[in-house]
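*Asks:* This is the structure I want to talk about, given as structure tokens.
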Amino acid sequence: MIHAFRLNSAEEWRNLVAGKLFATKPVDDFLKNEVDPEHRLKRSLRAVDLVMLGVGAIVGVGIFVLTGQAAASYAGPGILLSFIFAAVASGCAAVCYSEMAAMIPMAGSAYTFTYATLGEFVAWIIGWDLVLEYSLASATVSAGWSGYVMSFLRDFGIHIPARLSSAPYIYDAVTQGWVSTGAVVNLPAVLIVALVTILLVVGIRESANVNTAIVFIKIGVIVTFILAGVAFVHRANWHPFIPPNSGQFGHYGWSGVLRGAAVVFVAYIGFDAVSTAAQEARNPQRDMPVGIIGSLIICTLLYILVAGVLTGMVPYANLNVPDPIAVGIDATKIFWLRPVIKIGAIAGLTSVILVMMLGQSRVFWAMAGDGLLPEWFSRVHPRFRTPYVTTAVTGTVVGISGGLLPIDVLAEMVSIGTLLAFVLVCGGVWVMRHTRPGVVRPFRTPWVPIVPILGMASCLYLMLGLPLATWVRLIVWMLIGLIVYFAYGRQHSKVGNQK
């Protein structure tokens, strides 16, 4: 009896692993929501809307902050090469995302793609990871948005008390404890999140239109800076183009260019959010690759131009400041550009919040549709055809986080989640080429498996360079996710219960 009991237990364990934990969701099953009126989203996004969503998510803190800091600390004028290397690494992930989004044009991004390739358990891990990534990215940017707005208002003599415009607590790295600041809440951060939440509930078409208008504003500001700065470029500031290495790896020289690429890689995070809107694209098989790759190309050109002009205007050693673009403006003596740049930064950060919150709500919605989260998360507004429940939940969590937590603590967790998603999507493309070669692929990743391997390798390299504390926080968050999955998701999984 004991032997039989052990045998049955082993069989049950094997059935659990093969039949539920790593059960994949057939591609055809993803399309069922298209005919379900209660869960169908409105397909209204064109290719240009998707490109604007990508640009809206990518162009933000990277271009206004990281360009100067990475040049000063790592690469010098060679930061241009760093942006190119980072773009190549991002491009490998982008073409893999494009193949998956065109093949499985449904909401959920990396979660959905992983469910179709690597199975439910891995999909849950990446979905839970994306919840953290998108939420904290939105909260981080909302806190940064508040800082730029406060600075802009002060230029016109308008002062909002610090107790209503900053986080009530900061984290002291020395004592490893929380310290009260005397503030009540970062009210501007809460307000911008509330406004974006309302916009996302009202409709995807309206959200896309607002995002497009904002993107045109910030691109116009960036182009204005480039055109104004070209006349003040001194070629001597570009020599040596790659400063000699100081004797320390990553501090100038070619190793500095590579380290700079790892730092500015964060500036490209955001194109993956485009894939979360696949179920709301009019012609996803054609338009999703255009949106993902097109936005990446546009942003790469902007980054390179800004980096070239900025390091030509100001010696790179002077750019290790929170506002390197402002340092460049000071060098031109065109002081009216300062408020213009702040307007561009505010616009840029607004669009990042919008796209990241859009992505978060769609991931929640997709997970609930598969039964891994409560069914009410998957409800769609009868009039606006938007996932209003998940949007409201996302807005609440982001608003509380952005209003109460300091920006540095929020920012630490953003990158590792995105890089993990990139690794799994690149691996998923390679796996599906072997396991399901007959599936129709409107867009095909070139040079498989070389491109997926390069994408995985570059992202893993960057993940290993992140601080230990970031890994610890990720592990704690994942443990919480495992509890939720085994307590609820596995029992209610629609795919697992079919096995």
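The values are calculated or read from the model by the stated rules, or taken from the named source; none is laboratory data. Please read all numbers here as calculations on a predicted model, not as lab measurements. Glycine gets a Cβ as well: all are built from the backbone with ideal geometry, and neighbour counts include every protein chain shown. Ligands, DNA and RNA are excluded from the accessible area calculation, which covers all protein heavy atoms including side chains. Shrake-Rupley method; radii C 1.70, N 1.55, O 1.52, S 1.80 Å.
*Asks:* Give the long-range amide H neighbours of L45: residues separated by 5 or more places, or on another chain, with amide H under 5 Å away, using H modelled in the peptide plane at 1.01 Å from N.
*Replies:* HN-HN under 5 Å from L45: A281, R282.
*Asks:* Taking square-rooted eigenvalues a ≥ b ≥ c of the alpha carbon gyration tensor, is the stretch 223-346 rounded, prolate or oblate, where a/c under 1.5 means rounded and, failing that, a/b exceeding b/c means prolate? Walk me through the numbers on the way to the answer.
*Replies:* Working: a/c = 2.58, a/b = 1.46, b/c = 1.77.
The shape class here is oblate.
*Asks:* How do S493, S73 rank by accessible surface area computed with a 1.4 Å probe, from largest to smallest?
*Replies:* Sorted descending by solvent-accessible area, the residues read S73, S493.
*Asks:* Quick one: what are the phi-derived ³J(HN,Hα) couplings along the stretch 69-82, Karplus 6.51/-1.76/1.60 with θ = phi - 60°, whole Hz, x for glycine and proline?
*Replies:* Values, residue by residue: 5, 5, 5, 5, 8, 10, 10, x, x, x, 4, 4, 5, 4 Hz.
*Asks:* Which whole-number value in Å² is the accessible area per residue of the stretch 272-399, probe 1.4 Å?
*Replies:* That works out to 31 Å² per residue.
*Asks:* Sticking with this one: Between I297 and H381, what is the FRET efficiency for a Förster distance of 41 Å, r being their Cβ-Cβ separation, to the nearest 0.05?
*Replies:* Calculated value: 0.75.
*Asks:* Would you mind working out the accessible area per residue for the stretch 174-270, using a 1.4 Å probe, and quoting it in Å²?
*Replies:* Each residue of the stretch 174-270 exposes 49 Å² on average to a 1.4 Å probe.
*Asks:* Under 8 Å for C-alpha pairs, at least 6 residues apart: give me the relative contact order for the stretch 223-343, rounded to a whole percent.
*Replies:* 33 percent
*Asks:* Cross-link partners among lysines for K25, C-alpha distance below 25 Å, same-chain residues fewer than 8 apart left out?
*Replies:* The qualifying lysines are K42, K494, K499.
*Asks:* Continuing with the same structure: Rounded if a/c is under 1.5, else prolate if a/b beats b/c, else oblate: with a ≥ b ≥ c from the C-alpha gyration tensor eigenvalues square-rooted, which is the chain?
*Replies:* Prolate is the answer for the chain, as a/c is 1.5 or above and a/b outweighs b/c.
*Asks:* Run lengths n ≥ 4 of DSSP H only: what is the helix-derived mean residue ellipticity at 222 nm for the chain, with -39500 (n - 2.57) per run over all residues, to the nearest 500?
*Replies:* So the helix-based figure for the chain works out to -20500 deg cm²/dmol.
*Asks:* Would you mind classifying the stretch 53-98 by shape? Square roots of the alpha carbon gyration tensor eigenvalues, ordered a ≥ b ≥ c; an a/c under 1.5 is rounded, otherwise it is prolate if a/b is larger than b/c and oblate if not.
*Replies:* In terms of gyration-tensor shape, oblate.
*Asks:* Please list 3J(HN,Hα) in residue order for the stretch 272-288, calculated via the Karplus relation 6.51 cos²θ - 1.76 cosθ + 1.60 where θ = phi - 60°; whole Hz, with x for glycine and proline.
*Replies:* 3J(HN,Hα) across the stretch 272-288, in whole Hz: 5, 5, 4, 5, 5, 9, 4, 7, 10, 8, 5, 10, x, 4, 9, 7, 5.
*Asks:* On to the next question. Heavy-atom accessible area of L191 with all protein chains present, probe 1.4 Å, nearest 10 Å²?
*Replies:* Taking all protein chains as shown, L191 has close to 100 Å².
*Asks:* Still on this structure, I have one more. Scan around Y169 for amide H atoms under 5 Å from its own, H built in the peptide plane at 1.01 Å from N, and keep only partners 5 or more places away or cross-chain.
*Replies:* Amide H neighbours of Y169: T181.
*Asks:* Under 8 Å for C-alpha pairs, at least 6 residues apart: give me the relative contact order for the chain, rounded to a whole percent.
*Replies:* The normalised contact order for the chain reaches 33 percent.
*Asks:* Right, next: Not counting ligands, DNA or RNA, and with a 1.4 Å probe, what is E375's accessible surface area in Å² rounded to the nearest 10?
*Replies:* 100 Å²
*Asks:* Per 10 Å bin from zero, what fraction in whole % of the C-alpha pairs of the stretch 293-389 is there, up to the bin with the longest pair?
*Replies:* Spelled out bin by bin, the stretch 293-389 gives 13, 28, 23, 16, 15, 5 percent.
*Asks:* Leaving out ligands, DNA and RNA but keeping every protein chain, what accessible area does Y74 have, in Å² rounded to the nearest 10, with a 1.4 Å probe?
*Replies:* Roll a 1.4 Å probe over it and Y74 shows about 60 Å².
*Asks:* Something else about it: Given the Cα-Cα distance of V476 and D330 and 0.36 nm per residue of separation, how much length would full extension add, in nm?
*Replies:* Residue separation times 0.36 nm, minus the Cα-Cα distance, leaves 48.1 nm.
*Asks:* Could you work out what % of the accessible surface of the stretch 136-217 is carbon and sulfur, using a 1.4 angstrom probe and leaving DNA, RNA and ligands out of the count?
*Replies:* On the way: 2880 of 4070 Å².
Result for the stretch 136-217: 71 percent of the exposed heavy-atom area is carbon or sulfur.
*Asks:* Turning to a different aspect of this structure: Using θ = phi - 60° and the Karplus form 6.51 cos²θ - 1.76 cosθ + 1.60, what ³J(HN,Hα) does each residue of the stretch 241-247 get, whole Hz, x for Gly and Pro?
*Replies:* 4, 10, x, x, 4, 7, x
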